[in-house]
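Asker: Below: one structure in structure tokens.
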Amino acid sequence: MQEDLAIFMDWENIYISTVQEYKTKPNVSAILEKAREYGRIVSASAYADWTDGDFRSAPPTLYSNGISPRYISARYFPGGRSHKRRTNSIDVMLAVECSDFLHNHPQVDTYVLVTGDGDFIPLVSLLRSRGKKVVVIGVSEATSYHLIESADHFISYASLVEEDRAAKQKDKEAEKPKADPYEELVRAVGALKKNGSTRVLGQVKQRMIVQLGSFDERNVGFKKFKDFVVEAERRGLVNTVDEDLELQVYLPDEKIPEPNGEAEASEAEIPDAKPQKVTEDLVRSGGKQNGRSSGGAAKKKDEPGEPAKDEKATTEKPPTSSGAGGFDLEEDLTPYELRTICENLGGLRQPASMVEIFGSIRDLDDRGELELSKDEIAEVISAMISLDFLKKVSAKPYKEAKSRMVFYKLEKNSKGVKEALSAR
């Protein structure tokens with residue numbers, strides 16, 4: 001029995017993307033045909049300001065295909081020589097109505113979002129947290145690669161149009177030989193290098209989708225795209241390094257930067273008290289954020305070359321619950337919050353990368369168990385490293401890796417962690 005499926009289209013986004021990239025309007029029938037592969041369409045809506053000249057002719061076509069046009073009035077405000085549009089109202093309305101549909105139609109198992117806007121990542125997270133499958137259809141060149149990574153499946157608009165065209169010309173043209181996915185991976189990394197683009201996993205996969213029309217790592221035997229890249233590294237085709245909170249992909253002939261700018265070292269050579277550079281870069285000292293104070297803001301240093309007025313007093317005292325960035329684990333977190341964080345980090349594979357640690361705490365925030373901004377999460381991690389809640393470890397992520405990476409393990413036997421875990 002087919003699963004029920006609902007479609008929500010950010011019409012302005014998909015329309016502008018297809019016109020800019022392919023000089024053509026969206027092919028509604030191709031989108032619906034692809035969506036039907038994932039289930040029975042029980043609802044389909046498209047959102048736009050239909051009074052706009054670019055979109056005025058779309059509603060009749062949408063109606064004839066069973067898609068309900070939802071009118072969202074565009075807002076304007078003066079700016080310079082012309083008016084600027086506020087398009088976020090469309091995003092908000094789509095997200096609100098999708099959430100309402102989720103509540104009122106629990107039998108619908110699959111949601112198709114036709115958009116490339118990264119602002120829908122929280123909506124994707126909400127749907128998946130309720131056990132729903134999320135499929136994103138968008139123009140690869142104009143789609144947020146973080147949105148691609150957050151969804152269960154991503155379908156390149158170019159690939160579904162190509163499939164539609166190929167189905168019509170099946171008898172006229174012989175089937176093209178399948179491309180080698182590993183060669184395409186190398187070509188994708190090389191293209192991103194040439195363009196000076198970011199080479200995180202999502203961006204590399206996005207480039208492969210552009211090259212191949214579509215790509216799914218499960219078709220070549222891997223559950224995750226990262227596993228596919230790791231196998232390519234084992235074969236000597238690419239190199240990877242954990243950098244700026246994400247895994248970056250390099251070609252074999254490129255010089256690989258040290259993880260987060262730190263020199264390769266053994267575990268014994270790594271200073272335990274110094275927080276990782278990437279965490280320090282994320283910490284925003286001073287002021288208040290979301291109602292929490294940053295202790296570092298109150299300290300004022302004297303003239304250059306002279307220590308701060310209370311530096312001597314600070315250095316003479318033993319370490320407390322306050323980290324290097326001024327964030328106090330005991331004062332700025334409740335016992336429940338600190339225990340929840342420690343329990344969550346303890347559930348990770350040990351040692352864990354900074355990406356895994358940061359993502360694990362952010363997941364707690366997404367689930368409503370914490371209320372921390374990204375900057376505050378970085379401050380928490382920095383404080384936990386300074387206070388030996390987390391111990392730095394340098395190791396290769398797997399045997400065949402070309403370089404070492406910086407990992408952290410939760411020191412469950414430390415006094416601070418024991419007290420946090422025992423708090424009730």
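The values are calculated or read from the model by the stated rules, or taken from the named source; none is laboratory data. On a predicted model such as this, the values are computed, not experimentally measured, just so you know. Neighbour counts are summed over all protein chains in view; Cβ atoms, including those assigned to glycine, are modelled from backbone coordinates with ideal geometry.
Asker: Tally up the residues in the range 100-124 that are hydroxyl-bearing (Ser, Thr, Tyr) and either touching a Pro at 6+ places or on another chain (Cβ under 7 Å) or modelled with pLDDT under 95 (or both), please. Give the steps one after another, and end with the answer.
Answerer: Keep residues of the range 100-124 that are hydroxyl-bearing (Ser, Thr, Tyr), which gives 110-111, 115.
Cutting the leftovers down to either touching a Pro at 6+ places or on another chain (Cβ under 7 Å) or modelled with pLDDT under 95 (or both) gives us 115.
So the count comes out to 1.
Asker: State yes or no: is Tyr15 in contact (Cβ under 8 Å) with a residue 40 or more places away in the chain and closer than 17 Å to Val136 by Cα?
Answerer: Here the answer is yes, as Tyr15 does meet what is asked.
Asker: Further, regarding this structure: Select, from Ala179, Ala95, the only residue that is modelled with pLDDT of 80 or more and closer than 30 Å to Asn239 by Cβ.
Answerer: It is Ala179.
Asker: Please work out which one of (1) charged (D, E, K, R); (2) in a strand (DSSP E or B); (3) modelled with pLDDT under 85 is the condition Lys402 fails and give its number.
Answerer: (2)
Asker: Next up: Of everything in the range 213-225, what is surrounded by 16 or more Cβ atoms within 10 Å (Cβ to Cβ) and in a helix (DSSP H, G or I)? Give them in sequence order.
Answerer: Glu217, Phe225
Asker: For the range 360-398, name all the residues that are farther than 20 Å from Glu330 by Cβ and among the β-branched types (Val, Ile, Thr).
Answerer: Val393
Asker: On to the next question. Please give the number of the condition Glu369 fails out of (1) under 23 Å from Leu126 (Cβ atoms); (2) charged (D, E, K, R); (3) assigned to a helix (DSSP H, G or I).
Answerer: Status for Glu369: all satisfied but (3).
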